[in-house]
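Chemist: Would you mind keeping the following structure in view while I ask a few things?
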Amino acid sequence: MTKISDKVMAQIRNSMASTSKRKIVSLADFLLPQDVKTADQLIGMGYDPVHAAYISAQNFLSYFAEMISVFPALEEFWEVGDFAITEYMPSGLPLSPLTQSYFSGWLYLDVFFGPYRETIGTCLIDTYNALSKDGSHMIEIIRTMQDSRMGLYEHCGLTDKYVILRELTSEREEVCLVPAGYRGKKGQLWFVRVLPSFLEKHPYSIVFTTPYIIKNPGKTEWLEYFSRLLPMTDTRSTALSLFMKYGLTRFYWPEYIFNAYCGGQNDAIYLKGLPQQTNSFKNSKINPAYDL
């Protein structure tokens, strides 16, 4: 079977060779898109350096997804995306508890398609590496984002302007900058995507999503939930990571956020309850069960 990224690369090459008007006009246009602000430009606008690099990479992902949106190879992906946009209206409060920062990460990094379980993130990485002889710091940042996932964290206090978070499933502790501005309080449970720093002068992680604060149940109930779902085995750690990234079904985590919403503000959104293991989406093509 042919990988989706191979089909994308072939179509990009055809677009570059074509004289008709296309979004992809040259290799340089793809490798250095002018519409995507660089990290340096964003830093000049006042953004934190680590956050700026991730914003630039996220914008590159969005640019790439739009650029290849007309390719037949992406039909399955856009069917999922169009359905999710219609169902959840992911624009943040007051219209939806699904924020753009959450939804774009889920859509581009977690929604897989095709026989090789590719994502927009993996397609961009494969395509860029195939078309460029030079390595790119941007692609390494996107690779880090692709390897990331949402996680459930316990708030362990504050240090200066940072929040200390400890993940329930791995017990890994992170010192985090929260660009949304929310600082919270010790003991809270946060459902967020945490991205590591890659700058020696800025050794802190970034909470890349608007924080989802789980009002209840608490830590004990969540750990019991994980134990019921994934019994203790040698592969439990890997299974938990896959579960937090993909859920049990295509829309597992967006559906949880949508149904668990119980209030919020500009810098944080509140959730209540555990994910339901029943599934309200019947279309098997866009809602496969995931093997953990």
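The values are calculated or read from the model by the stated rules, or taken from the named source; none is laboratory data. Keep in mind it's a predicted model, so treat the numbers as computed, not measured. Glycine also receives a Cβ, built like all others from the backbone with ideal geometry; neighbour counts cover every protein chain displayed.
Chemist: Do you know which residues across segment 59-108 are under 17 Å from Leu124 (Cβ atoms) and among the small types (Gly, Ala, Ser)?
Modeler: Ser62, Ala65, Ser69, Ala73, Gly81, Ser104, Gly105
Chemist: Here is a check on your reading of the model: is Gln146 under 19 Å from the mean Cα position of the chain (by Cα) and either within 24 Å of Leu230 (Cα to Cα) or charged (D, E, K, R) (or both)?
Modeler: Criteria met by Gln146.
Chemist: I want to confirm something. Restricting to segment 163-178 and keeping residues that are in contact with a Ser or Thr (Cβ under 9 Å, 6 or more places away or on another chain) and not aliphatic (A, V, I, L, M), which single residue is surrounded by the most Cβ atoms within 10 Å (Cβ to Cβ)?
Modeler: Checking each candidate, the answer is Cys176.
Chemist: Cβ contacts < 8 Å: first residue farther than 24 Å from Leu274 by Cα, restricted to segment 180-208; second residue part of a loop (DSSP other than H, G, I, E, B) and among the acidic types (Asp, Glu), any location; separation 6+ or different chain. Result?
Modeler: Final answer for the pair search is Ala180/Asp267; Gly181/Asp267; His202/Asp48; Ile206/Asp48.
Chemist: Determine whether segment 27-42 contains at least one residue that is more than 22 Å from the chain's Cα centre (by Cα), of a type outside the set (Phe, Trp, Tyr) and modelled with pLDDT of 85 or more.
Modeler: yes
Chemist: Please verify whether Leu223 is within 19 Å of the chain's Cα centre (by Cα) and either modelled with pLDDT of 95 or more or of a type outside the set (Phe, Trp, Tyr) (or both), treating the condition exactly as stated.
Modeler: No; evaluated as a whole, the condition is false for this residue.
Chemist: Being in contact with a Ser or Thr (Cβ under 7 Å, 6 or more places away or on another chain), at pLDDT 95 or above and basic (Lys, Arg) narrows it down to one of Arg193, Arg183, so name that one.
Modeler: Arg193
Chemist: I need the strands (runs of 3 or more DSSP E) fully contained in segment 134-253, keeping only those with at least 2 residues that are acidic (Asp, Glu).
Modeler: Ranges flagged: 173-177.
Chemist: Quick one: which of Ile68, Ile120 is outside the structural domain of Asn266 (by TED's automatic domain parsing) and touching a residue at least 60 places away in the same chain (Cβ under 8 Å)?
Modeler: Ile68
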